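Here is the structure we will look at, set down as structure tokens.
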Amino acid sequence: MIIIGELINSTRREVRDAIEDRNAGFIQSLAVKQVEAGAHYLDVNAGAFVDDEVEHLLWLVHTVQAVTDIPLAIDSADPEAIEKALAVHEGNAMINSITAEKVKLAAIVPLIKKYKTKVIALCMDDSGMPNTAEDRLKVVDKFCDEFAREGIPLEDVFLDPLVKPVSVNSSFGNEVLNTLEQINKQYKGVHTTCGLSNVSFGLPERRILNQAFLVMCISRGMDSVIIDPLDQRIMSLLYASEVLVDKDNRCMNYLKMVRKGVVKS
Ligand code: THG
């Protein structure tokens, strides 16, 4: 399971304040803690700063890379911000995220090739955010055609079905699960990922819904997740689920994580 640590996100009040105050220690401690907890990528987002996102994002990249060797997932809706962040990032970054909107995709594809990045591709195009698995899979198709044409290997692509709140429509969980299952059947080699927390938006006790959803996504073949790696319960469920879907040879990783105290009931 490829774990993308989500905590350095400017939509979180304390992170936003730390960015504004150039509190490098706070951000760096969030980075180190997530790496120690098992993250493989660290998401960095300065999108809450509408007018000066670029400047804050570049500071985040420098600040986080000063204390860790793992690559960053550059989380921005603005191709220009992504380009500038990639230019200062050391190593092979991930772009989080792109959509199949024509103009934006045309701007991002050359960056994926130039910087040899991994990329999270959101199931969304010029017609908006899909509700059904069927409409999500049409976007997946569009992405995969485009990537094949451009010589971008599917192994570098993480398809994100785009999770929506079940409090808005009770079918929204199932549509994501069915999308994951179909992607797995139809596109060999491509990765799948998602952010869990949107699923529980608007409901109490959100963590329990996020946890249940992670287990279900893993059962449909999801092999990456954007997550709070400091949440011990969700990390325990993650390693347990991998055993149960035969993605952990002889339970070696599970046993290792038990020994390290990461998996704990
Ligand atoms: N897909 C992709 N990228 C994403 C998302 C996704 N990036 C953003 C988001 N969704 C995932 N990242 C976060 C980061 C922080 C929080 C949730 C998701 C978070 N939320 C608090 C909570 O749930 O309790 C509330 C915010 C707060 O603390 O103020 O911390 O789906 N590709």
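Tabulated data for the structure shown
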{"item": "Pairs with Cβ under 9 Å, 6+ apart, first in region 151-169 and among the polar types (S, T, N, Q), second within 15 Å of the ligand (Cβ to nearest atom) and in a loop (DSSP other than H, G, I, E, B)", "result": "SER167/PHE201; SER167/GLY202; SER167/LEU203"}
{"item": "Whichever residue in region 67-85 is surrounded by fewer than 20 Cβ atoms within 10 Å (Cβ to Cβ) and of a type outside the set (D, E, K, R) and, among such residues, is nearest to the ligand (Cβ to nearest atom)", "result": "ALA77"}
{"item": "Region 90-100: number of residues that are touching a Ser or Thr at 6+ places or on another chain (Cβ under 9 Å) and more than 16 Å from the ligand (Cβ to nearest atom)", "result": "1"}
{"item": "Residue match in region 108-118 (condition: closer than 23 Å to LYS33 by Cα, in a helix (DSSP H, G or I), among the β-branched types (Val, Ile, Thr) and away from the ligand (no atom under 16 Å from the Cβ))", "result": "no"}
{"item": "Close pairs (8 angstrom Cβ cut-off, 6 or more residues apart or separate chains): at positive phi in region 249-264, in a helix (DSSP H, G or I) and surrounded by 16 or more Cβ atoms within 10 Å (Cβ to Cβ) anywhere", "result": "CYS251/VAL243"}
{"item": "Residue check, ASN96 within 18 Å of the chain's Cα centre (by Cα) and in a strand (DSSP E or B)", "result": "yes"}
{"item": "Lone qualifier among SER197, SER219, SER236 - being surrounded by fewer than 21 Cβ atoms within 10 Å (Cβ to Cβ), small (Gly, Ala, Ser) and modelled with pLDDT under 95", "result": "SER197"}
{"item": "In region 1-29, the residues that are more than 13 Å from the ligand (Cβ to nearest atom) and among the β-branched types (Val, Ile, Thr)", "result": "ILE19, ILE27"}
{"item": "Residue in region 140-158 that is assigned to a loop (DSSP other than H, G, I, E, B) and surrounded by 14 or more Cβ atoms within 10 Å (Cβ to Cβ) present", "result": "yes"}
{"item": "Residue match in region 38-52 (condition: buried (at least 18 other Cβ atoms within 10 Å of the Cβ), acidic (Asp, Glu), more than 17 Å from ILE227 (Cα to Cα) and without any contact (Cβ under 8 Å) to a residue 60 or more places away in the chain)", "result": "no"}
{"item": "Pair list, Cβ < 8 Å and 6+ apart or interchain, from region 94-117 residues that are touching a residue at least 24 places away in the same chain (Cβ under 8 Å) and closer than 15 Å to ALA77 by Cβ to residues that are part of a helix (DSSP H, G or I) and away from the ligand (no atom under 16 Å from the Cβ)", "result": "ILE95/LEU86; ILE95/LEU111; ALA100/LYS142; ALA100/GLU146; LEU105/GLU146; LEU111/GLU83; LEU111/LEU86"}
{"item": "Qualifying position, being within 23 Å of ILE2 (Cα to Cα), out of contact with any Cys (no Cβ under 7 Å at 6 or more places or on another chain), of a type outside the set (Gly, Ala, Ser) and more than 16 Å from the ligand (Cβ to nearest atom), among VAL103, VAL32, VAL44", "result": "VAL32"}
{"item": "From GLY202, GLY261, residue being within 15 Å of the ligand (Cβ to nearest atom) and farther than 25 Å from LEU72 by Cβ", "result": "GLY202"}
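Okay, residues lined up against (1) assigned to a helix (DSSP H, G or I); (2) within 16 Å of GLU181 (Cα to Cα); (3) more than 12 Å from the ligand (Cβ to nearest atom); (4) in contact with a Lys or Arg (Cβ under 6 Å, 6 or more places away or on another chain):
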site: LEU209; (1), (2), (3), (4): yes, no, no, no
site: ALA212; (1), (2), (3), (4): yes, no, yes, no
site: ILE218; (1), (2), (3), (4): yes, yes, yes, no
site: GLY221; (1), (2), (3), (4): no, yes, yes, no
site: ILE226; (1), (2), (3), (4): no, no, no, no
site: ILE234; (1), (2), (3), (4): yes, no, no, no
site: VAL243; (1), (2), (3), (4): yes, no, yes, no
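The values are calculated or read from the model by the stated rules, or taken from the named source; none is laboratory data. Just so it is clear, the structure is predicted and the values come from calculations on it, not from any experiment. Please note: Cβ atoms are built from the backbone with ideal geometry, for glycine as well, and neighbour counts cover all protein chains shown.
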